[in-house]
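Comments concern the structure below.
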Amino acid sequence: MRKGEMIVAALFMVVSLIVIWECFRLGFGWEPQQGPQAGMVPFYLALLMLGCSAFLFYLGWRREKKEDDNFFINKEGMMEAGRIALMTLIFSVIVVYAGVYFAMLIFSPIFVRWLGKHSWTAVIAFTVIITLTVYFGMEVGLKIPLPRSPLYMQGKFII
Amino acid sequence: MKVLRTRLFILLLVPIACVFLFGQVAEAAWPTRPVEFTISAGAGGGADKYARFLIGLNVKGKYISEAIIPVNKPGGAGAVAMQAVLGQKGNGYQMLITLNSFITTPLFQNLPFTFRDFTPIALLALDNFPLWVYKDSPYKTAADFIAAAKEKSIQVGGTGSKQEDEIVFRAIEKIAGTKPFKYVPFKGGGDVAKALVGKHIEASVNQVSEAGGFFPEFVRPLCVFQDERLAIPGYEDVPTGKEVGLDFSYEMMRAIFAPPGISKEAQDGLVGLFQKISEDADWKAFAEKTGLKRTFLTGDALMKFAEDYEKKHIDIMKSQGWIK
Amino acid sequence: METIGHLMMGFGVAFQPLSLLMMVLGLLLGLAVGVLPGLGGTAGVALLLPLTVLVPPEVAIIFLAAIYWGALYGGVITSVLFAIPGEPWSVALIFDGYPMAKQGKSGLALSAAFIASFVGIVVAALIFVAAAMPLALFALKFGPPEMFAIMLLAFSTFVGLGTGQPSKTLVSTAFGLLLTAVGLDLVTGQPRLTFGQISWLSGYHFVPITIGMFGIGEIMIDGEDRFNTEIKEVIHAKVGIKDMKEGLKAIWAFFPQTVLASLMGFFVGVLPGTGATPASFLGYGLAKQYSKHPERYGHGAIEGVIAPQAAANSAGTGSLLPMVSLGIPGSPTAAVLLAGLYMWGLWPGPRLFTEQPVFVWGLIASLFLSGTVCLIICMVGVPALAAIMRVPWGMLTPTIIIACFIGSFVMRNIMFDVWCTLIFGWIGYVMKKLKYPLAPLAVALVLGDMTERFFRQSLIMGDGNPMVFFDRPISKWFMIVAILLFAFPVFQLVKAKVKAGKAQAA
C-alpha cells in the first residue's frame, strides 16, 4: 500500500505540474473588466492538488514498513484484476479499430471461457445472443450507428 | 472430453465464419444503407434542430428510400464533427450540417484542414442576424442603440467566443465607432435568448428561429444585418443594417458537406435529396416563418460561395486581431 | 376553476386510445434507453423525434414526454445494481444505492427509488398545474450570478461528503474540476489543456468518466474480491412483495424529506439550462446535511436513494415548465422537444399556452398518467431486475463491460470517449483501492464546467468585480447561505475540538 500511495501521489503531482505549465501559456492573471483569464481557475486548482498530493506523498513516505498492508488482496486477486484490465483493453482496442461487432465476437468468448470458466455451449450461446441483441437493439431498433469496421465504411461488409 | 471440446470449438467458429462468408455486401445502387447525418452540436442545439427538421421532412416525403440517422458530435466549435467526417474518406453515407463555424473554426483554431477538403453537397439557406433588445428596453430604434453604445459599453451576449455572434457585434463596433461592447459568451442560442428575455444582457443577435417566439411579448428586433428586409409577417418594419447606417450584411450559412472522395453516385444522390427537400412545402413554410433566405447552391457554385465567405471572415478576424 | 376545466380537457386528450398506446410505448422505450448507460432521455427523445411527424402534435408530445419519464425512472436500475450511471442524473444514486445492492437489498433500493420518482413527478405536476406562468417568469430572473450562487450552494452541501483523509478528498475534487477544464474555453475561445489534440477539443464529458470510474473500476474490484477468502458467500437477494412494502414504508418514514427534495428539485429544474443532474446532487447533499445520521450516508442509507431520485424526477418535470409556458428550454431534453414544436408546425413561446390549450394541457395531464403507469411497470419489473444479480459472474461481467463501452460511445459518438472509459476505469480502480473518495470527484465533474462558466460570465457582466455576486438581490442571499454552509463544518470541528479540550481539562 505504501508504495502504491507514493506512486499515485507522485502521479497526481506530475499531472498538477503539467496543468501549471499549460496555465503559464494560457495566462492565469486577472484581466481588468473581464475577470479571470483562461488559465486562472485551473492554475489554482492545480496548485491545490499539488500541495495535497505532496502531503500525501510525505505521509506515505513516513509510514512504517511494518504496519503496511498489501495493495492487492492476494496474488490470485491481483492476477484476476489484471486479467479484467487486459480484457477491457482488448475490447476497447478492437472497438476503435474494427468496430463493436468484431469486438464482441472476439471479446465475449475469451472472457466467458477464460475468466468465467463456463462450458463451450454457454460460451457460444452467450456470444451469439449478446451480438444479436446489440445489433437488433441498437442498429435496427433504435437506429443508433455504433462503430463499425473499415470494411463496412467502404460498403464491403455488413459489420 | 477432448473430442467434445474440439467439436464445440468448431461450433464456435460457425457463427464467426458465417459472418465472414455471408457478410459481404453486394454492389447495388446508392443508397443501400442508412445515411449518417453528423451534427456539430449536442441534441437540442441550433444545428441539431435544423438537422432533425430536415430528417423529419425525409420521413414524411420519403425522398430517399433509406433512413437518415442523426449523429451528434458536439465540441470544439465544430472541430470535432469536422474531423470525424473528414476521417471517413470515400464514405458516401456520411454528411455534415454546417454553420459559419465550418469556415471560421479551422481559421481560428489553426486546424490542419479547411472546407476545401470536403465534398460540397448543398447550400440550403442563409439565416438572418437581427439585432434584438428586450421589450421595454430604452433603445427604441437602432439609432438609439448606436448613440448609447458610443456613450458607454453596452452589455451584449452571444453564442461562444470569437464565433458568429461576436463577429457581428465587433463589426458594429468598428463600423459605427462605438465603445467596445461588453460581450458575454453563452453556451448556445437558447441560453442567449433566455438571458435577453431575463434582461441579463441588453442586446443579442439570435436568429429569428431562436428569439422569434418571444416577439412581441418579450423582445423586439431593431434591425437586421442583410440586404433586404425580412419577409416574415410582422417584421416588415424592421429596417436593414444599411438603412440605419450600419452598412454590414452577415448571414449564417445552412449548408451540407460530405467527406472527401465519395463516389459520383453518392454525391449525386445526396445533392438530389437536398434539391427535393429545398422544394418541400413544409420546408418552404418553415423558411417563411423564420425568415430563412432559401438559396440553393451546389457543386462549384457552393465552393465559390465558401471561398468568398472565407475571404470575408479572414478580413473581419484579421481586423480584430484574432488571427494573423 | 378554469384550471380544473383545462386539466379535465387535458385528461380527455391523454385518455384517448392513441395517446395511451403511444404513452405506454414511449415509457417502455424510455426505460430501455434509460437502462443503457450513456443513452439518456435526451438522446431517446431526439432519436424518435423525426418519427412523430406521423401523429398529431398533442399525441407526439405525450409520446416524447413518456420517453423522458421512462428514462428518468430507468436510469436508477444500473446505478443501483452495477454502480454504472444509466443517466447523468442517477450518478448520485450510486453513492447509497450500490452499497445497498451489495448488502443484498437491491429490491428495496429499486422499489424505494421508483416510488420516490413517482412522488417527485406528482409533486412537480401539481406545481405545474398551480403556478406555471409565475414560476417561469420568476426563473427568468436567474442570470449567471444567481446560477453561480446556486452551484456554490450545491458544492457547499458536499463539503462533508468524503469520509476519509481530507487531503484525498481535496485531490479528488480538484482532479474532477481540472478534468472539466479540458477543451475549448468558452469565454476566450482558446483550447485549454488539449496539447494540440483535435479530439480533446470536445473536452472530457462526465458520463464516460463516471461509467469508467464507477462501472469498470467496480468490476475490477469485484473480480479481485472473488478471491478474497475473508468475504463469505455473496448475499443473494430474495425479492418479493416485501420489498415494495418496505419501500413504501421507507418513503413514508422520510415523507417530508421526499417532498422537500421534490420541491427543491422542481425549482432547480425550472432554472434555465440546468436540468435534472445538479438537482439530484443537491437533493443528496441537502438530505445528508440535514440528516440526523449523516454517517449512514455512503454505506447504504435508503434516504440517500430517495432524496436524489425524487429531486431528479421533479427537476425533469420542472425543466419542461419554462419550455411550455415561455418557449425557453430548461434542459437539453426540453430543447429537443422545442425542436419538435417547429416540426409539428407549432410556434413555441408565451402564446402556446393560450393558443394551443389542447396541446399544453394534454401534456400536463399526461404527466400524472405516465408517472403512475411507469411506477406500475417498474414495480412489476423489480423482481426480474433484482434477479439479474443471480446471473453467473462470468456472463454478467462481460455484458456490463460491453454495455459500459457502448454507452460511453453513444453519448457523443466519438472514440475519444471509449478511451476515456478505459483509462478512467483503471484510474478509478486504483483510486478506490487507495481510498480516494470518488463521490466528490463525480460531483466536481458534473458541476465543475457549469460553475466556472457562470463564474466567468458573471465577472464579465460585473466588469471583473467579484462584488457582482452580492449586488444582485437574489444571488446575494444564495451566496450568503452558501458561504455559511461552507463555514458550518469548520465551525462544528472547532466546537468539537473545544469540547474535547474541555473534557481533557476536566
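The values are calculated or read from the model by the stated rules, or taken from the named source; none is laboratory data. For clarity, every value in this text was computed on a predicted model and none was experimentally measured. Please note: Cβ atoms are built from the backbone with ideal geometry, for glycine as well, and neighbour counts cover all protein chains shown. The area values use the complete protein model at the heavy-atom level, side chains included, leaving out ligands, DNA and RNA. Shrake-Rupley method; radii C 1.70, N 1.55, O 1.52, S 1.80 Å.
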Requested in this report: In debye, nearest 20, what is the charge dipole magnitude of chain B about its Cα centre with +1 on Lys and Arg Cβ and -1 on Asp and Glu Cβ, if you could check?
Outcome: 1140
Query raised in the report: Given B:V168, B:G158, B:Y183, which one lies farthest toward the positive end of the charge dipole of region B:110-222, if we put +1 on the Cβ of every Lys and Arg and -1 on the Cβ of every Asp and Glu?
Result: B:Y183
Query raised in the report: Put a dot 7 Å past each Cα toward the Cβ at C:E295 and A:A125; how far apart are the dots in nm?
Result: 4.8
**Report entry** In region C:402-479, chymotrypsin sites (Phe, Trp or Tyr not before Pro) in a DSSP loop with at most 16 other beta-carbon atoms within 10 Å
**Finding:** none
Query - Residue-wise HN-Hα coupling along region C:67-80, computed from phi with Karplus coefficients 6.51, -1.76, 1.60 (Hz; x: Gly, Pro) - result: 4, 5, 4, x, 5, 4, 6, x, x, 4, 4, 6, 4, 6
Query raised in the report: How large is the accessible surface per residue of the protein assembly as shown, computed with a 1.4 Å probe and reported in Å² as a whole number?
Result: 38
Query raised in the report: How big a patch of accessible area, both sides summed and in Å² to the nearest 100, lies buried between C and A at a 1.4 Å probe?
Result: 5800
Requested in this report: Round to the nearest 10 and report in Å² the accessible area of B:M303, as given by a 1.4 Å probe over the protein chains' heavy atoms.
Outcome: 40
Query raised in the report: Can you pull the percent of region A:1-71's accessible area that's carbon plus sulfur, 1.4 Å probe, other chains left in place?
Result: 65
Query - Listed residue (A:S16, A:M1, A:Q37) projecting farthest to the positive dipole end of region A:1-71, Cβ model - result: A:M1
Query - Links that overshoot a 31 Å alpha carbon limit, given the list B:K73/B:K284; B:K152/B:K187; A:K117/A:K156; B:K179/B:K284; B:K162/C:K432; B:K179/B:K324 - result: A:K117/A:K156; B:K179/B:K284; B:K162/C:K432
Query - Of A:F126, A:F136, A:F91, the one that fluctuates the most in a GNM where chain A has Cα springs shorter than 10 Å - result: A:F136
Query raised in the report: Can you give the charge dipole size of region A:1-71 about its Cα centre, rounded to the nearest 20 debye, using +1 on the beta carbon of Lys and Arg and -1 on the beta carbon of Asp and Glu?
Result: 220
Query raised in the report: C:I388: accessible area at probe 1.4 Å, nearest 10 Å²?
Result: 50
Report summary line: On complex formation of B with C, accessible surface lost, both sides summed, probe 1.4 Å, nearest 100 Å², amounts to 4100
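Taking a ≥ b ≥ c as the square roots of the eigenvalues of the Cα gyration tensor of region A:1-71, is the shape rounded (a/c under 1.5), prolate (a/b larger than b/c) or oblate?
Since a/c reaches 1.5 and a/b is larger than b/c, the shape of region A:1-71 is classed as prolate.
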Query raised in the report: Rounded to a whole number, what % of the accessible area of region A:75-159 do carbon and sulfur atoms account for, probe 1.4 Å?
Result: 75
Query raised in the report: Dipole of the protein assembly as shown (Lys/Arg Cβ +1, Asp/Glu Cβ -1, origin at the Cα centre): which of B:P120, A:L151, B:F225 lies farthest to the positive side?
Result: A:L151
**Report entry** A:V140 accessible area, 1.4 Å probe, all protein chains in place, Å² to nearest 10
**Finding:** 70
Requested in this report: Under 1.5 on a/c is rounded, so check that first for chain C, then, if it is not, pick prolate when a/b is larger than b/c and oblate when it is not; a ≥ b ≥ c are the square roots of the alpha carbon gyration tensor eigenvalues.
Outcome: rounded
Requested in this report: Whenever you get a sec, compute what percent of the accessible area on region C:306-351 sits on carbon and sulfur atoms (1.4 Å probe).
Outcome: 64
Report summary line: Where a ≥ b ≥ c are root eigenvalues of the Cα gyration tensor, a/c under 1.5 meaning rounded, otherwise prolate if a/b exceeds b/c and oblate otherwise, region A:75-159 counts as prolate
Query - Debye, to nearest 20: dipole size of region B:144-209, +1 on Lys, Arg Cβ, -1 on Asp, Glu Cβ - result: 160
Report summary line: Within region C:261-335, DSSP-loop chymotrypsin sites (Phe, Trp or Tyr not before Pro) with at most 15 other C-beta atoms within 10 Å are C:Y290
Report task. May I ask you to list the lysines whose Cα is less than 18 Å away from that of B:K135, ignoring any residue fewer than eight positions away on the same chain? Result -> B:K194, B:K199, C:K141
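Kindly work out what percent of the DSSP beta bridges joining two residues of the protein assembly as shown are antiparallel, to the nearest 5. Don't skip to the answer; put the middle values down first.
Working: 25 of 42 bridges.
Rounded to the nearest five, the antiparallel share is 60 percent.
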Report summary line: Among residues of region C:458-474, a drop of 10 Å² or more in 1.4 Å probe accessible area, assembly relative to the chain on its own, occurs for C:L459, C:I460, C:M461, C:D463, C:G464, C:P466, C:R472
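Nearest 0.05, what FRET efficiency do B:K312 and C:W252 give at R0 = 51 Å with Cβ-Cβ as r?
The value I calculate is 0.15.
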Query raised in the report: Using heavy-atom solvent-accessible surface (probe 1.4 Å) with all chains present, what is the largest-first order of A:E31, B:E173, B:E243?
Result: B:E243, A:E31, B:E173
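Antiparallel DSSP bridges in chain B: what percent, to the nearest 5?
55
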Report task. Express in whole angstrom the spacing between the alpha-carbon centres of region B:266-302 and region C:318-366. Result -> 27
